[in-house]
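Peer 1: Sending over a structure as C-alpha cells; questions will come in a sec.
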Ligand SMILES: *Cc1c(COP(=O)(O)O)cnc(C)c1O
C-alpha cells in the first residue's frame, strides 16, 4: 500500500476509534505530518483525500504551502523567533507555542498581515527533560497572556506523550484534557468559546489520545512510512 491507501486507512481507523469511544468522527481531525516526504508524497496524500498537513520546519512549510495552498498547513515544530515571519503567513494553526516572547511576536506579525493567528499552547505534561512546552502550573497564566494579544486566537493545548508505555501516555493525555478544562473555566467569552482543541496523539499512541478527548491527532509515520506497520 502506498501513501494514498495508507492515508485512507488511517483516516477510517481514526473515525472508527472516535465512534468506539462514543464520540462523533467529525470531532477528531487527522493532521497528516508530512515532514519526512517531499512534494510528491504530499500530492499522494492529497489524492487520498487529505486536506490538513503538519510540518515542523519553516523551510518545509513554506515550500509545501507555496506548492499546495489549497490545503491547510499546521506548524508543529520548534519555533525560532527569527522564523516567525516565515511561519505565520503559511500556518492555519501553530501547535507549538511555548514562549511568551514568541506569542508577542506572532501576534505582531499576524496583525501586520491582517490575520488572527490560531495557536495552541504546548504543555510539557509528563515533565520529561527532553520535551518542550510550558509547565502545567504555568499554563493558565501563559494562556491568559496569549488571550490578551489581539493577533492571536488561543484554540487550546497540545502535548507529546513519552513513547513506549501506554499507562504513561494515558496519564499524559488525561492530564492535558483536565488542564484544558480547568483553564477554559477561567476564561470569559469569547476566549472560552474558542478554547476547545486538544492536539495529542501520534502514530504510536493516537487511539489512546482519542479516548482521552483529542480533537486533533498528528500522524506521520503510519501514513508516510513504508515500514511503520512491519
Ligand atoms: C513528527 C511529529 C509527529 C508525528 O509523529 P509520528 O510518530 O511520525 O506519527 C507529531 N507531532 C510532532 C510534534 C512531531 O514532530
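Bear in mind that the values in this text are calculations on the coordinates, not laboratory data. All values derive from a computational prediction rather than experimental measurement. Here the Cβ is made from the backbone with ideal geometry for all residues, glycine too, and neighbour counts use every protein chain on show.
Peer 1: Could you pull out which residues in region 16-48 have an amide N less than 16 Å from a spot 7 Å beyond the Cα of residue 92, following the Cα-Cβ vector?
Peer 2: Residues 26-35, 42-43, 45-48 fall inside that zone.
Peer 1: So how much slack lies between residue 81 and residue 131, counting 0.36 nm per residue of separation and subtracting their Cα-Cα distance, in nm?
Peer 2: Between residue 81 and residue 131, full extension yields an extra 16.1 nm.
Peer 1: Then there's this: Pull out a ≥ b ≥ c, the square roots of the eigenvalues of the alpha-carbon gyration tensor of the chain, then state rounded if a/c is under 1.5, prolate if not and a/b is larger than b/c, and oblate in the remaining case.
Peer 2: The shape class here is oblate.
Peer 1: Tell me the relative contact order for region 158-220 as a rounded percent, counting alpha carbon contacts under 8 Å between residues six or more apart.
Peer 2: 34
Peer 1: Rounded, prolate or oblate: which fits region 33-162 when a ≥ b ≥ c are the square roots of the eigenvalues of the alpha-carbon gyration tensor, with rounded for a/c under 1.5 and prolate only if a/b beats b/c?
Peer 2: Cα axes put region 33-162 in the oblate bin.
Peer 1: Mean separation of Cα pairs under 8 Å and 6+ residues apart, divided by the residue count of region 88-225: what relative contact order is that in percent?
Peer 2: In percent, rounded to a whole number, it is 20.
Peer 1: Taking the chain as a Gaussian network, where each spring joins two C-alpha atoms under 10 Å apart, which residue of 128, 204, 55 fluctuates the most?
Peer 2: Of 128, 204, 55, the most mobile in the Gaussian network model is 128.
Peer 1: Sticking with the crude label model, points 7 Å out along Cα→Cβ, report the distance from residue 228 to residue 171 in nm, one decimal please.
Peer 2: 2.7
Peer 1: Which distance in nm do the two modelled labels at residue 204 and residue 21 give, with both placed 7 Å along the Cα-to-Cβ direction?
Peer 2: Computed distance between label sites residue 204 and residue 21 equals 1.9 nm.
Peer 1: Just subtract the alpha-carbon distance of residue 39 and residue 138 from 0.36 nm times their residue separation and send over the number in nm, one decimal.
Peer 2: This chain segment gains 31.8 nm when fully extended.
Peer 1: Counting helices only, and only those DSSP H runs with n ≥ 4, report the 222 nm mean residue ellipticity of the chain as the sum of -39,500 (n - 2.57) divided by its residues, in deg cm²/dmol to the nearest 500.
Peer 2: Rounded to the nearest 500, it is -12500 deg cm²/dmol.
Peer 1: Quick check: from the Cα gyration tensor, does region 81-132 come out rounded (a/c under 1.5), prolate or oblate?
Peer 2: Prolate shape, in that a/c is at least 1.5 and a/b is the bigger ratio.
Peer 1: Return an integer: the convex hull volume of the alpha-carbon atoms of region 1-88, in Å³ per residue.
Peer 2: 102
Peer 1: Select from 108, 24, 11 the residue whose mean-square fluctuation is largest in a Gaussian network model of the chain (Cα-Cα springs shorter than 10 Å).
Peer 2: With Cα springs under 10 Å in the chain, the top fluctuation among 108, 24, 11 is at 24.
Peer 1: Normalising by the residue count of the chain, find the relative contact order in percent from Cα pairs under 8 Å and 6+ residues apart.
Peer 2: The value is 20 percent.
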